[in-house]
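Take a look at the structure set out below.
The values are calculated or read from the model by the stated rules, or taken from the named source; none is laboratory data. Worth saying up front: this structure is predicted, and the values here are computed from it rather than measured. Neighbour counts are summed over all protein chains in view; Cβ atoms, including those assigned to glycine, are modelled from backbone coordinates with ideal geometry. Surface accessibility is based on the protein's heavy atoms, side chains included, excluding ligands, DNA and RNA. Shrake-Rupley method; radii C 1.70, N 1.55, O 1.52, S 1.80 Å.
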Amino acid sequence: MEEENHFPVEDIGAVLEMYGFGPAFSEPKEYIREDDGEGWIRVVLSVLSGGGGRVVIKLLRDEDDIDAAREKTEKQSAFSEFMRRNGILTPKRYSANGRFCNIYTYNGFPCNVTVEDWCGEEIRAIDPGIAYKIGVLMARMHLLSLENRCEIGCGTLFSAAYWNDVDVYEDFCEICGDPRLDSSVAAEIKRLRNEKLRALRTLWDRLPKAAVQGDISINNLVLENGELTVFDYNNAGDEVLVSDLVMEGLLTAYEMELPEGSDPASQNKLFPALLKGYLSVRRLTSDEADAAWLIYTLYNSLWFSRVVSREDSLKETVQRGDFAAANRLLVRMLADIAEEDDGRFRES
């Protein structure tokens, strides 16, 4: 069974026994195995257990404070189980020693370990129908979490008013230092960005906040028999709900693959479809709708791949010396950030 460069059989068996399975297993599949030999470890694999069900084992030592990471994972796992027990399709988490997240020593280093059911292959491409379903799922999870006052005790990657993983404003400012770009357009974008951010922060503490899954992209979703299953709660945390909605909605719309042969223009239908799905389940308060529009115009305009990473991004066009294209992009960014509220977040 064991092959060279595969995770050791004895470790897999020991983890399975810890979680109440027999040590026998078959058909191991590795997804991630990273080990720098100095205590930084990330292992994610699945196996067929002796009982015949496929389970996913995660063995992690990838944060400076492993004890704090263990407690965070425990709370994320409990949140996942709460969702599952209340009708959200999500993999069952197994417990050992009264905990979901336990310690297992691998290569001499204590690691955090979890075991959960395998739920199928992730979605590879998105279309408006799937986007609508994602919106419905997100709204159901938000309602459950809000109504039951779920908390995890940490933030997420997507706080629109403060730090978030897609904020490239400093990069934008640096790129716009090039004298061949239209400084007046760039200055107006910066002015509006700062004005909208101040307005958003004024609203922020009045907005509903609860625990969220935090990364509900197609990479963490399975579609089977028309139903979505959501997995991977490692980015779950407490977030303002409309921030989660808009930021993850934009991530899903702009960074996921379209089906092969699709018209690229169909990408423009993804965020509206996701939003329609969400609003069919959960209506936003007036403050939330105001905040959602601020978030949408801020990040739709200055979306990270638009600024720095795509071939047609501001950074890449400047580096190629195509300043006509770069200035046209700046004009479109200004139009997007200055767009008037069209009421889309107030629709039922």
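Compute the acute angle (0 to 90°) between the alpha-carbon long axis of helix 241-255 and the principal axis of greatest extent of the alpha-carbon atoms of the chain; round to the nearest 10°.
So the inclination is approximately 90 degrees.
Only four residue types carry charge here, +1 at the Cβ of Lys and Arg and -1 at the Cβ of Asp and Glu. Report the dipole size of the stretch 85-210 about the Cα centre in Debye, rounded to the nearest 20.
620
For the chain, what is the accessible area per residue in Å², given a 1.4 Å probe and the full set of protein chains?
So the chain comes to 47 Å² accessible per residue, rounded to a whole number.
Rounded to the nearest 500, what is the 222 nm mean residue ellipticity of the chain from helices alone, with -39500 (n - 2.57) per DSSP H run of 4+ residues and division by all residues?
For the chain, the value works out to -13000 deg cm²/dmol.
Counting only protein heavy atoms, what percent of the accessible surface of the stretch 252-341 is carbon or sulfur at a 1.4 Å probe?
Taking all protein chains in place, the stretch 252-341 shows 48 percent carbon and sulfur surface.
Which values, in whole Å and largest first, are the semi-axes of the equivalent ellipsoid of the stretch 118-246 obtained as the square root of 5 times each eigenvalue of the Cα gyration tensor?
With the √(5λ) rule applied to the stretch 118-246, the semi-axes are 33, 20, 12 Å.
May I have the count of lysine pairs in the chain with C-alpha atoms under 16 Å apart, counting pairs 8 or more residues apart or located on different chains?
7
Let's test the formula: R0 of 51 Å, r as the Cβ-Cβ distance of R332 and R99. What FRET efficiency results, to the nearest 0.05?
0.50
Pick out, in residue order, every one of the GluC sites (Glu not before Pro) in the stretch 64-165 that is DSSP loop and has at most 15 other C-beta atoms within 10 Å; say none if there are none.
Taking the stretch 64-165 and a limit of 15 other Cβ atoms within 10 Å, the loop GluC sites (Glu not before Pro) found are E121, E122, E151.
Place a +1 charge on the Cβ of each Lys and Arg in the stretch 13-123 and a -1 charge on the Cβ of each Asp and Glu, then give the dipole magnitude about the Cα centre in debye, rounded to the nearest 20.
560
Once phi is turned into ³J(HN,Hα) by the Karplus curve 6.51 cos²θ - 1.76 cosθ + 1.60 with θ = phi - 60°, what whole-Hz value does each residue of the stretch 41-57 show in order, with x for glycine and proline?
Ordered by residue, 3J(HN,Hα) equals 9, 9, 10, 10, 8, 10, 9, 7, 6, x, x, x, x, 8, 10, 9, 10 Hz.
Relative to the longest principal axis of the C-alpha atoms of the chain, give the angle of the C-alpha long axis of helix 183-204, reported between 0 and 90° and rounded to the nearest 10°.
Taking Cα atoms only, the helix is inclined about 50 degrees.
Would you mind telling me the share, in percent, of accessible area of the stretch 15-172 contributed by carbon and sulfur at probe 1.4 angstrom?
Exposed carbon and sulfur together represent 47 percent of the surface.
Could you pull the accessible area for C173 with a 1.4 Å probe, rounded to 10 Å²?
40
Rounding to the nearest 10 and keeping the result within 0 to 90°, find how far the Cα-based axis of helix 66-85 lies from the longest principal axis of the chain.
The helix 66-85 is inclined about 90 degrees to the chain.
Limiting things to C-alpha atoms, what are the Rg and the maximum Cα-Cα separation (Dmax) for the stretch 63-156, in angstroms?
According to the Cα coordinates of the stretch 63-156, Rg and Dmax are 15.8, 48 Å.
Which value, in debye to the nearest 20, gives the size of the charge dipole of the chain about its Cα centre, when Lys and Arg are +1 and Asp and Glu are -1 at the Cβ?
1280
Go through H6, H142 and list them by solvent-accessible area, largest first, probe radius 1.4 Å.
The ranking, largest first, comes out as H6, H142.
If Lys and Arg each add +1 and Asp and Glu each add -1, what is the summed charge of the other residues whose beta carbon sits under 13 Å from the beta carbon of A289?
-1
Quote to one decimal, in nm, the extra length available between D62 and R201 on full extension: 0.36 nm per residue of separation minus the C-alpha distance between them.
46.8 nm
Mind listing the phi-derived Karplus ³J(HN,Hα) values for the stretch 258-271, rounded to whole Hz, using 6.51, -1.76 and 1.60 with θ = phi - 60°, and x for any glycine or proline?
8, x, 4, x, 6, 5, x, 5, 5, 4, 5, 8, 6, 5
What whole-number value in cubic angstrom gives the convex hull volume per residue for the C-alpha atoms of the chain?
In the chain, the Cα convex hull volume per residue is 166 Å³.
Report the GluC sites (Glu not before Pro) located in the stretch 225-317 that are in a DSSP loop and have at most 10 other Cβ atoms inside 10 Å of their Cβ, or state none.
E260, E311
State the Kirkwood hydrodynamic radius of the stretch 1-118 in Å, one decimal place, computed from all pairs of distinct Cα atoms.
After inverting the mean inverse Cα-Cα distance, the result is 14.6 Å.
So what does L279 come to for accessible area, using a 1.4 Å probe and Å² rounded to 10?
We get 10 Å² for L279.
Give me the number: length gained by fully extending N225 to E255, i.e. 0.36 nm times residue separation minus the C-alpha to C-alpha distance, one decimal in nm.
8.3 nm
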